[in-house]
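Down below is the structure, laid out as structure tokens.
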């Protein structure tokens with residue numbers, strides 16, 4: 001059971017790092033946008049987009065990490081449910 005909590009801590013770390021990276025990209029993009037130059041505008045848009053992509057990837061990474069945990073515990077039902085969640089989240093991004 002202790003191994004399960006270590007894996008949950010890893011999932012927590014994934015979400016924390018994803019949120020921090022997203023915030024760094026978004027804040028950098030908004031700060032660069034305030035410079036009001038053509039080059040800064042292109043770079044700021046790329047930074048903001050990258051921040052949003054990282055933020056969007058966090059739920060997928062969390063569901064994949066959960067699927068790995070359940071696969072290592074040989075819990076087929078929850079493994080399949082997490083894969084289904086990944087499919088639904090990924091599909092929702094493209095619709």
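The values are calculated or read from the model by the stated rules, or taken from the named source; none is laboratory data. As the structure is a prediction and not an experimental result, all values here were calculated from the model. Methodologically, a virtual Cβ is constructed for each residue, glycine included, from the backbone with ideal geometry; neighbour enumeration extends over all protein chains shown.
Taking helices (runs of 4 or more DSSP H) that fall entirely within the chain, which contain at least 2 residues that are buried (at least 16 other Cβ atoms within 10 Å of the Cβ) and at pLDDT below 90? If you could, list the steps in order and put the result at the bottom.
Working: elements: 2-33, 38-72, 76-94.
Of the helices (runs of 4 or more DSSP H) lying wholly inside the chain, those with at least 2 residues that are buried (at least 16 other Cβ atoms within 10 Å of the Cβ) and at pLDDT below 90 span 2-33, 38-72.
Residues are listed down the side, and each one gets a yes or a no for (1) in contact with a helix residue (DSSP H, G or I) (Cβ under 6 Å, 6 or more places away or on another chain); (2) on the phi > 0 side of the Ramachandran plot; (3) touching a residue at least 12 places away in the same chain (Cβ under 8 Å):
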| residue | (1), (2), (3) |
| --- | --- |
| 9 | no, no, no |
| 19 | no, no, yes |
| 30 | no, no, yes |
| 33 | yes, no, yes |
| 63 | yes, no, yes |
